[in-house]
Structure formats: structure tokens, C-alpha cells
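Some notes on the structure that comes next.
The values are calculated or read from the model by the stated rules, or taken from the named source; none is laboratory data. What you see is a predicted model, and the numbers here were worked out from it, not measured in a lab. Because the Cβ atoms are built from the backbone with ideal geometry, glycine has one as well, and the counts that use them run over all protein chains shown.
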Amino acid sequence: MFKNLFVFYIEKAKDIYRIWEGNFLQPGQKLSVFKVIKSQN
């Protein structure tokens, strides 16, 4: 149950992130955001 909800939020976050990175992030910042995401998994 919780895992399915988590996957759902990850998919939502990916969609938001694609929009967000296109508007706001520089290449260097993308890497740091991915490092944070990976370190939390």
C-alpha cells in the first residue's frame, strides 16, 4: 500500500521536475538535485 503511494508520488514528482528543470535549473543544479534524490533512496 505505502509502496504504491510512494511510486505514485515519485511519478508525479518526475513530471513536476521536468517542468521545473526546464524553467529554473541550470545544469549544475540538476546534478545536485539528483544526488539528493538518490541519497534518500
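State yes or no: is LEU31 aliphatic (A, V, I, L, M) and at pLDDT below 65? So LEU31 fits the description; yes.
The residue that is surrounded by the most Cβ atoms within 10 Å (Cβ to Cβ), among those in the stretch 1-19 that are of a type outside the set (Lys, Arg) and under 18 Å from LYS38 (Cβ atoms), is TYR17.
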